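Okay, so here's the structure we're looking at.
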């Protein structure tokens, strides 16, 4: 990609919201030659950023952040400073759901009003936050128009994978939809300095829709894999075998493995999509059913574990239960707890095992964050497994793939059970300590309880 020159019209950008989306974008843009003014309202986060410390883990981010600060290409403020030289304002604030399950508009509206206060003639505003359909045209546009300034407006969705953001920002095509052709072309020119491919779409609504459809589609695919797992459990066969055999050399079947589905996007974006379509009189039935399938999985698994352990002689009324892998995913590695399925799994297990003693372990998550879950933090896999009656593997972090599960099984309490949401191991190939069993999601019928095979 070309490295922009200081005489480029839009060499100064202001990025409002330095969460995961905003900070990774800001760092990459600074590395491409832009001067970046970063806005973050959280004082603790702002304090870290000013000394070059990201407030989340992302491979390579800290080094690039420090370099951008050293090169004087990035500075941080709690609000847009008076006299800000930026001609580009990129909105990357979070867009959570409210307690009513509907998208909250206030973060976007508050930010749009802040931009309006400093908007200059000829500036460009780009939305990158995930929003309800129509937000750019019907909420942001009127707010900016109140200034009386002429400006460009576009939507460019964030599409990176956590753990690969710095790479994917340089490689993935950027979708750009503008309020008009001039806005689209201008925003496209800006993003062409960080990625070789920019895909221009017809309007802001199309760009908004692309983001929501991308994530809803992933949620649907994962939900179908989980539905396959439920069917295989009922039949007593292995979902892993069904899926792997079915797609081997057969490109028309490309089903992912079953497992917990959460994260900061998939837990909410299907609802944001559904809300926007429902306002147009469309009920997105497949989208909502898929989300409900993924959300009920913790309850079904906890009920299954309760049923199975009740049949184990000697399984205590006050079992030690260890949850391993609390971040919302294990690969690529992350410490992100937003939308993690560990929370609903823990709630479901507490309902089924009200007297349980709960522990937590995650290689990436700080001990104090684990404690906030209501879990006793463990410093290692070994500590998490030692003396546990029930071990639940919640994500596929590489440490779990590499752990000597057969050796560690000898440290569990007896009877003990390992439940694996990710099919990291195969029960048929394991030689566990006496009194210890192993069961994986979608392969209940192939699992082994202490002293007996399980029937699905």
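The values are calculated or read from the model by the stated rules, or taken from the named source; none is laboratory data. These numbers were taken from a predicted model, which means no experiment stands behind them. Ideal geometry is used to build each Cβ from the backbone, glycine not excepted, and the neighbour counts take in all protein chains shown.
Scanning for something part of a helix (DSSP H, G or I), within 21 Å of the chain's Cα centre (by Cα) and not assigned by TED's automatic domain parsing to the domain that holds residue 129, does segment 254-261 turn up at least one residue?
no
Let's see how each residue does on (1) surrounded by fewer than 19 Cβ atoms within 10 Å (Cβ to Cβ); (2) touching a helix residue (DSSP H, G or I) at 6+ places or on another chain (Cβ under 7 Å):
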{"site": "422", "(1), (2)": "no, no"}
{"site": "425", "(1), (2)": "no, yes"}
{"site": "431", "(1), (2)": "yes, yes"}
{"site": "436", "(1), (2)": "no, yes"}
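Residue 39: within 22 Å of residue 339 (Cα to Cα) and in the same structural domain as residue 190 (by TED's automatic domain parsing), yes or no?
No; evaluated as a whole, the condition is false for this residue.
Please list, ordered by residue number, the strands (runs of 3 or more DSSP E) wholly in segment 368-456 having 1 or more residues that are within 17 Å of residue 241 (Cα to Cα) and at pLDDT 95 or above.
Hits in segment 368-456: 416-420, 436-440.
For every residue, the table says whether it meets (1) closer than 15 Å to residue 302 by Cβ; (2) touching a strand residue (DSSP E or B) at 6+ places or on another chain (Cβ under 6 Å); (3) crowded, with 20+ Cβ neighbours inside 10 Å.
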residue: 332; (1), (2), (3): no, no, no
residue: 338; (1), (2), (3): no, no, no
residue: 352; (1), (2), (3): yes, no, no
residue: 375; (1), (2), (3): no, yes, yes
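For segment 211-222, give me the residue count where each residue is surrounded by fewer than 17 Cβ atoms within 10 Å (Cβ to Cβ) and more than 15 Å from the chain's Cα centre (by Cα).
2
Could you tell me whether segment 315-323 includes any residue that is loosely packed, with under 14 Cβ neighbours inside 10 Å and either at pLDDT below 95 or at negative phi (or both)?
yes
Of (1) under 22 Å from residue 311 (Cα atoms); (2) buried (at least 18 other Cβ atoms within 10 Å of the Cβ), residue 394 satisfies all except one. Which?
With respect to (1) under 22 Å from residue 311 (Cα atoms); (2) buried (at least 18 other Cβ atoms within 10 Å of the Cβ), residue 394 is out only on (1).
Name every residue in segment 123-169 that is assigned to a helix (DSSP H, G or I) and either outside the structural domain of residue 190 (by TED's automatic domain parsing) or in contact with a helix residue (DSSP H, G or I) (Cβ under 7 Å, 6 or more places away or on another chain) (or both), in order of residue number.
135, 136, 137, 139, 140, 143, 144, 165, 166, 169
Which one of these is modelled with pLDDT of 95 or more and under 21 Å from residue 42 (Cβ atoms): 127, 141?
127
Say whether the condition of being buried (at least 22 other Cβ atoms within 10 Å of the Cβ) and farther than 25 Å from residue 44 by Cα is met by at least one residue in segment 160-172.
yes
Looking at residue 200, is it part of a strand (DSSP E or B) and either surrounded by fewer than 18 Cβ atoms within 10 Å (Cβ to Cβ) or not assigned by TED's automatic domain parsing to the domain that holds residue 30 (or both)?
Answer is yes for this residue.
Given the condition surrounded by fewer than 18 Cβ atoms within 10 Å (Cβ to Cβ) and under 30 Å from residue 351 (Cα atoms), answer yes or no: does some residue in segment 249-257 qualify?
Within segment 249-257, one or more residues are surrounded by fewer than 18 Cβ atoms within 10 Å (Cβ to Cβ) and under 30 Å from residue 351 (Cα atoms).
In segment 378-391, which residues are surrounded by fewer than 18 Cβ atoms within 10 Å (Cβ to Cβ) and touching a helix residue (DSSP H, G or I) at 6+ places or on another chain (Cβ under 6 Å)?
386
Just one of 67, 53, 117 is under 22 Å from residue 164 (Cβ atoms) and over 25 Å from the mean Cα position of the chain (by Cα); which is it?
Criteria check complete, one pass: 67.
From 185, 175, 213, grab the single residue that is in contact with a strand residue (DSSP E or B) (Cβ under 9 Å, 6 or more places away or on another chain) and in a helix (DSSP H, G or I).
Criteria check complete, one pass: 185.
Looking at 348, 440, 413, 366, which one is out of contact with any helix residue (DSSP H, G or I) (no Cβ under 8 Å at 6 or more places or on another chain) and either touching a residue at least 40 places away in the same chain (Cβ under 8 Å) or assigned by TED's automatic domain parsing to the domain that holds residue 239 (or both)?
413
If a residue has to be part of a loop (DSSP other than H, G, I, E, B) and touching a strand residue (DSSP E or B) at 6+ places or on another chain (Cβ under 9 Å) to count, how many in segment 188-197 make the cut?
Residues in segment 188-197 being part of a loop (DSSP other than H, G, I, E, B) and touching a strand residue (DSSP E or B) at 6+ places or on another chain (Cβ under 9 Å): 4 in total.
Test residue 49 against the criterion of being closer than 23 Å to residue 369 by Cα and not assigned by TED's automatic domain parsing to the domain that holds residue 276, and give yes or no.
yes
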